[in-house]
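Taking it in order: structure first as structure tokens, then the write-up.
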Amino acid sequence: MGAQWKHKGRTEHAAAKGRLFTKLVKELIISAKAGGAEVASNPRLRMAVEQAKKASMPRDTLERAIKKGAGLLDEPVNYELVTYEGFAPHQVPVIVECLTDNKNRTATNIRVLFRKGQIATTGAVSWDFNRMGVIEATPPEGGADAEEAAIEAGADNVEPGDEGASRFLTGPTDVDTVGKALAGLGWTVSAQNLAWIAKNPVALEGEARTEVEAFLEAMDSDDDVQNIYVGLK
């Protein structure tokens, strides 16, 4: 994997879908707070809106989150980004990003979740990751060569994604430019964001891999956890 870990199937159950909505609402709020409420001029917000729509988020929920983040409602936005580093079972490196309105609560919960692994100090894990832009896109009808598209669009690298998609990797400041270039080449961009990409992902099989996946699933179930990046092949 090496990129953002995704809890597959979490939209299949009502409780899990509620957790997904919580994460999406936070991303909408933070995106609007950082770059304004205009989708056309705010790439991060644009992708957050698309993800919310794919998850079938009600329109009023989506619009309210944007207005709240942009300061158009009389509701304070107190979310802070807090990042934790550590290891899942079998010394698999993990970076956990949280958006929280109560850092003490989050710190307590994260320490409990790390009991089956090992929490570490800042920098103890992130040195083994690269901060990069990640764009997920599917080719135009009739197909297209992903490597050629990467070169034309200015991506640094490309790798296979899920369900016929490709993952284009860029520098942190090039995400929107490369995403627009891919769209101009006929590719359909489904997601783009900044992520931590592991330099030396660990290969695990069988019971060991199952233990790591269970650890990640438990971590992802916490409402304050926004993104998880793991060094696992």
For region 124-165, give me each residue that is under 21 Å from residue 47 (Cα atoms) and of a type in the set (D, E, K, R). 131, 136, 156, 159, 162, 163
Filter region 53-90 for residues that are in contact (Cβ under 8 Å) with a residue 40 or more places away in the chain and in a loop (DSSP other than H, G, I, E, B); which is farthest from residue 227 (Cα to Cα)? 77
Considering (1) part of a loop (DSSP other than H, G, I, E, B); (2) under 19 Å from the mean Cα position of the chain (by Cα), say which one residue 196 fails and leave the rest. (1)
Taking into account only those residues within region 155-188 that are among the charged types (D, E, K, R) and part of a loop (DSSP other than H, G, I, E, B), which is surrounded by the fewest Cβ atoms within 10 Å (Cβ to Cβ)? 163
Out of 130, 104, 109, report the one residue that is open to solvent by 30 Å² or more (accessible area, probe 1.4 Å) and not in a helix (DSSP H, G or I). 130
Filtering region 91-113 down to residues that are touching a residue at least 40 places away in the same chain (Cβ under 8 Å) and of a type in the set (D, E, K, R) yields 97, 105
Give the residue, chosen from 147, 213, 207, 152, that is assigned to a helix (DSSP H, G or I), touching a residue at least 24 places away in the same chain (Cβ under 8 Å) and surrounded by fewer than 21 Cβ atoms within 10 Å (Cβ to Cβ). 152
Can you name the condition, by its number, that residue 191 falls short on among (1) more than 15 Å from the chain's Cα centre (by Cα); (2) not in a loop (DSSP other than H, G, I, E, B); (3) not polar (S, T, N, Q)? (1)
Within region 34-52, which residues are open to solvent by less than 20 Å² (accessible area, probe 1.4 Å) and in contact (Cβ under 8 Å) with a residue 12 or more places away in the chain? 45, 47, 48, 49, 52
With (1) touching a Gly at 6+ places or on another chain (Cβ under 6 Å); (2) part of a helix (DSSP H, G or I) as the list, and residue 136 as the residue in question, which single condition is left unmet? (2)
Give the residue, chosen from 159, 163, 207, that is modelled with pLDDT of 95 or more and not small (Gly, Ala, Ser). 207
Of the conditions (1) under 24 Å from residue 208 (Cα atoms); (2) in contact with a helix residue (DSSP H, G or I) (Cβ under 8 Å, 6 or more places away or on another chain); (3) among the β-branched types (Val, Ile, Thr); (4) open to solvent by less than 40 Å² (accessible area, probe 1.4 Å), residue 135 satisfies every one except a single condition; which number is it? (1)
So in region 112-127, with the set limited to residues that are among the aliphatic types (A, V, I, L, M) and within 30 Å of residue 163 (Cβ to Cβ), which one is surrounded by the most Cβ atoms within 10 Å (Cβ to Cβ)? 125
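The values are calculated or read from the model by the stated rules, or taken from the named source; none is laboratory data. Note that this is a predicted model, so its numbers are computed, not measured. Methodologically, a virtual Cβ is constructed for each residue, glycine included, from the backbone with ideal geometry; neighbour enumeration extends over all protein chains shown. Remember, those area values only see protein heavy atoms, side chains included, never the ligands or the DNA or RNA. Shrake-Rupley method; radii C 1.70, N 1.55, O 1.52, S 1.80 Å.
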